[in-house]
Amino acid sequence: MTPSAAEGAVPKGRSRRNFAGSRPVMDDVARLAGVSKQTVSRVLNEHPSVRPETREAVLTAMRTLGYRPSRSARSLASGRTRMLGVISFDAARYGPAAILTAINTAAQQAGYLLSSIALDSAEPGTVVEAVDRLSAEGADGVIAIAPQLWVGHALADARLDIPLVVLENGFDPESERVTGDSREGARKATEHLLGLGHRTVWHIAGPSGWTSADQRLESWRATLEAAGAPVPEPLFGDWSADSGYHLGRRLTRRPDVTAVFASNDQMALGVLHAFHEAGRPVPDSVSVVGYDDIPEAAHLLPPLTTVRTDFAEIGTRSLRLLVSRIDASAEPPRPASLVPVDLVVRGSSGPVPGR
């Protein structure tokens, strides 16, 4: 009995399973195109050794059969899972959440799935466990939204054997880094207030040990020193509006405070509340500048002057950087990729009172 007779009425090049309406598989494509299964695999993975006419025959067979390669088939053929890992901390805050959304969108466009781990604990052992878990799941690479300096060091000590991109961190291990330019943002905010005639600028900093907070604090201090302005003692918040409010109440008791730069918009919101409650209107009595440009910033009373960070660009750039690192894993790490920031001037900042 010939093969065609054994298959009954099944058309040449198609299996009984496909003819019955089941999903076509790689064997069906190979049979219809008249090539080996290995050749189909090479076409799927864009191998350069496949002749153009062979590639076209395989693609035509795929279209004819309605074949859609499964992720597992691609993984077996390429040695990759097309899955990326993401480790995040404090993911409820606007910045990390916006970055994670952008990473997810860019990953989908690049044909990757994400496995995301949001950590509540900031213990080094927890970071290493998260890395091990993602590696065990077969992640082709990892993006870490690591806002604290020691987290970056913990990731470096984990000695990953897959590509790693780190966001919002200033450490210098064998890794790729993407970050907003916090130093430049703090300089712009401080110079803006000095340029309005304020004798000095008070600073409500983020928690110590957070890379962006430390960099903004250092840049604020350096900018005041370069201008020959007094450097007040900084106050340290925890990123929350509550901390900005309580620290702002302390500043309301000082009549010499005419300008405040807060390290994020939530703390700036608390400062606005404190000065309003104390009967010191913004900006007539005191100017306030925040950082991040949260969506609500333009709708506060008064609208908040702030430094805009392009979190979507940070997320997109980090995903592209990781994919390029995966595709050329032998390349050495590149210098940190700094995403520019912009000062957005609104109604909460104005000339020094009496000018």
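Within the stretch 213-264, restricting attention to residues that are touching a helix residue (DSSP H, G or I) at 6+ places or on another chain (Cβ under 9 Å) and of a type in the set (D, E), the residue that is farthest from H203 (Cα to Cα) is D242. Being modelled with pLDDT of 75 or more and open to solvent by less than 20 Å² (accessible area, probe 1.4 Å) is a description that does not apply to P52.
Pairing residues of the stretch 290-314 that are more than 14 Å from V345 (Cβ to Cβ) with residues that are open to solvent by 20 Å² or more (accessible area, probe 1.4 Å) and hydrophobic (A, V, I, L, M, F, W, C), at Cβ distances under 6 Å and at least 6 apart in sequence or on separate chains, gives F311/A98.
For the stretch 201-240, a residue qualifies if it is among the hydrophobic types (A, V, I, L, M, F, W, C) and crowded, with 18+ Cβ neighbours inside 10 Å, and the qualifying residues are V201, W202, I204, A205, W210, A213, L217, W220, L224, L235, W239. Is it the case that some residue within the stretch 299-310 is farther than 22 Å from G185 by Cβ, hydrophobic (A, V, I, L, M, F, W, C) and at pLDDT below 95? Taking every residue of the stretch 299-310 in turn, at least one turns out to be farther than 22 Å from G185 by Cβ, hydrophobic (A, V, I, L, M, F, W, C) and at pLDDT below 95.
Sub-6 Å Cβ pairs linking a first residue in the stretch 49-64 that is in contact (Cβ under 8 Å) with a residue 12 or more places away in the chain to a second residue that is in a helix (DSSP H, G or I) and not β-branched (V, I, T), at least 6 apart or interchain, are A57/A33; V58/A33; A61/L32; A61/A33, ordered by first then second residue.
Identification of helices (runs of 4 or more DSSP H) wholly contained in the stretch 74-167 with 2 or more residues that are open to solvent by less than 60 Å² (accessible area, probe 1.4 Å) and modelled with pLDDT of 85 or more yields 94-109. Restricting the stretch 193-252 to residues that are part of a loop (DSSP other than H, G, I, E, B) and among the aliphatic types (A, V, I, L, M), the residue that is nearest to the chain's Cα centre (by Cα) is V201.
The values are calculated or read from the model by the stated rules, or taken from the named source; none is laboratory data. Since this is a predicted model, take the numbers as computed values, not measurements. Every residue, glycine among them, receives a Cβ derived from its backbone with ideal geometry; neighbour counts consider all protein chains shown. The area values use the complete protein model at the heavy-atom level, side chains included, leaving out ligands, DNA and RNA. Shrake-Rupley method; radii C 1.70, N 1.55, O 1.52, S 1.80 Å.
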